[in-house]
1. Out of the residues in the range 301-316 meeting the condition of being at pLDDT 90 or above and assigned to a strand (DSSP E or B), tell me which one is farthest from N239 (Cα to Cα).
2. Among the residues in the range 14-37, are any within 24 Å of F234 (Cα to Cα), in contact with a strand residue (DSSP E or B) (Cβ under 7 Å, 6 or more places away or on another chain) and hydroxyl-bearing (S, T, Y)?
3. Name, by its number, the condition in (1) in contact (Cβ under 8 Å) with a residue 12 or more places away in the chain; (2) farther than 23 Å from L49 by Cβ that does not hold for L171.
4. Quick check: is even one residue across the range 19-27 assigned to a loop (DSSP other than H, G, I, E, B) and within 14 Å of ligand 1 (Cβ to nearest atom)?
5. From R55, R76, grab the single residue that is over 30 Å from L135 (Cβ atoms) and either away from ligand 1 (no atom under 11 Å from the Cβ) or not aliphatic (A, V, I, L, M) (or both).
6. Can you find a residue that is touching a helix residue (DSSP H, G or I) at 6+ places or on another chain (Cβ under 8 Å) and either without any contact (Cβ under 8 Å) to a residue 60 or more places away in the chain or not hydrophobic (A, V, I, L, M, F, W, C) (or both) anywhere in the range 13-31?
7. Quick check on this structure: which one of A198, A202, A150, A144 is within 16 Å of ligand 2 (Cβ to nearest atom) and crowded, with 16+ Cβ neighbours inside 10 Å?
8. Mind checking which residues of the range 55-94 are part of a strand (DSSP E or B) and either under 18 Å from L158 (Cβ atoms) or in contact (Cβ under 8 Å) with a residue 12 or more places away in the chain (or both)?
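The values are calculated or read from the model by the stated rules, or taken from the named source; none is laboratory data. Worth saying up front: this structure is predicted, and the values here are computed from it rather than measured. With ideal geometry, Cβ positions are generated from the backbone for all residues, glycine too; neighbour counts draw on all protein chains shown.
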Amino acid sequence: MSVSLKIENVSKVYDKTIALNNVNLDIQAGEFVCLLGPSGCGKSTLLRLIAGLDRPTKGRIYIGDRDVTNLPPSRRNFGIMFQSYALFPNLTAYENVAYGLRNKKMRNSDIEERVNRLFEMIRLSGARNRLPAQLSGGEQQRVALARALATEPDFLLLDEPLSALDAKVRLSLRKEICNIQREMNLTTIMVTHDQDEALTMADRIVVMNKAVVMQSGTPEQIYEKPENPFVADFIGSINFFNAEKGTPYGELKGKTAAVRPEKIEITRTGKDEGSTEDILKGMIADIEFRGFYYRVLVQAEHVLHGEITLAVDVPFQTAKKQKFKVGEAVSLRIPQEEVLRFETA
Ligand SMILES: Nc1ncnc2c1ncn2[C@@H]1O[C@H](COP(=O)(O)OP(=O)(O)OP(=O)(O)O)[C@@H](O)[C@H]1O
Ligand SMILES: [Mg+2]
């Protein structure tokens, strides 16, 4: 079964640290939510409060329509998985997964059937009699996932489950977790500070900073329609036009405009092209190879507002055809519909 979760006006204060400041969050049954934000913003604290490993200083937590604010973890029926594998080192992979079921006094034959099914799901049937020390990091995390799922939890809590793994293993485990989550339609909250992980895995991303929720939305909403400069800057890359310096789109104090590097069009400067508000003339100051694209830094002169340096991302194939070089004169076109505008205090 899968449940909805509700976090209502939740704050958590440790001594003098405000770890969470009036957080509100509604999570639908079956939803995959990623908590994303910089170190120390309160992600793990929120997860711990949902698990009941800690109590909120203020506010309520609901599982379905049950108020669980003062219930212990054992009454919340969740599966949990942390960054460090934390398997029992002296138990085989099989016994690690079976552990919670033995505690529940389930029949041996039923335990065996369920554990075998979980090992098939994580594709590790051949390794189930090994000790954790005889498994790779990725394999240990898969066992930890199976263990978290063994007791058929109502929801799953994952705290940076993939961050200790190398890039390749991380990618394949991402897929595996997504598939399992969708298949079981299991409400899942995953903490990460990896934006790619959040963008590719989540139904919804909750971006946090300094104990508050900055924005909550689908990956597309968060990327295409960030509601504030923090979110725009934290996810993906962005060029800000600084209002103070009087640059193109930030004429008024209290307003900031910005554009992502991949939205800017770059061409060689033609003879009869004049500068306008969306066409900037400039010179290539630097070119960085980024794998499937090049980041071109252009020192541009705006017709109204003076000098500005803009990052422009050029797909590999385009860059190869164009053969841009440092020092070359170029024109930039900034499509007006791609300009993000923020009110800033
Ligand atoms: N038990 C505690 N006692 C005192 N302060 C704490 C405690 N747990 C967390 N904090 C503080 O609360 C804030 C939020 O911590 P939290 O662990 O939730 O951050 P996080 O977003 O998970 O960061 P990271 O990405 O580094 O894991 C931090 O300033 C942290 O120092
Ligand atoms: Mg944390």
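1. P315
2. No, the range 14-37 contains no residue that is within 24 Å of F234 (Cα to Cα), in contact with a strand residue (DSSP E or B) (Cβ under 7 Å, 6 or more places away or on another chain) and hydroxyl-bearing (S, T, Y).
3. (1)
4. Scanning the range 19-27 turns up no residue that is assigned to a loop (DSSP other than H, G, I, E, B) and within 14 Å of ligand 1 (Cβ to nearest atom).
5. R55
6. No, the conditions are met nowhere in the range 13-31.
7. Criteria check complete, one pass: A198.
8. K58, G59, R60, I61, Y62, I63, F78, G79, I80, M81
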